[in-house]
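Asks: Please see the structure below; I have some questions.
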Amino acid sequence: LDSRDYDSMSKIVADHFTIEFLPASLGGFGVPVRNKDQLIALLTESQGTVASLTSDIIAYKSHGELVHGGPYTNEYIGIFRFEEGKIASMSEFMDSKYITQVIEDSK
């Protein structure tokens, strides 16, 4: 991605490619991407570094119970950075709107 070779990239992207914008608490923030052509257009218009060969990005969810009762379900993105084949660091992004509401509700 960082080389911006979108012709080569389009060969490995399905025609029905989609992007889901998260977190869900934002209510569908962003313009939906519903196919490969829309993805290539979005990337062509973007600026800056869009990927790194030294990191992996994963999306995950948590499901649990709050200490004071009630469910807790959050969405996360983890960026793992590698050095010499080992995980060197991780950055985690979570649905901050959701966690802020959970904190407010627990007061």
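The values are calculated or read from the model by the stated rules, or taken from the named source; none is laboratory data. Quantities reported herein were computed from a predicted structural model and do not represent experimental measurements. Virtual Cβ from ideal backbone geometry, glycine too; neighbours counted across all protein chains shown. To get the accessible areas, we keep the full protein, side chains included, count just its heavy atoms, and leave off ligands, DNA and RNA. Shrake-Rupley method; radii C 1.70, N 1.55, O 1.52, S 1.80 Å.
Asks: Please find, within segment 70-85, the residue that is most open to solvent (accessible area, probe 1.4 Å) out of those that are touching a Ser or Thr at 6+ places or on another chain (Cβ under 8 Å) and among the β-branched types (Val, Ile, Thr).
Replies: Residue satisfying both the conditions and the ranking: Thr73.
Asks: If you don't mind, another one. Among the residues of segment 33-69, what is the count of those that are touching a helix residue (DSSP H, G or I) at 6+ places or on another chain (Cβ under 9 Å), modelled with pLDDT of 85 or more and open to solvent by less than 50 Å² (accessible area, probe 1.4 Å)?
Replies: Matching residues across segment 33-69 total 1.
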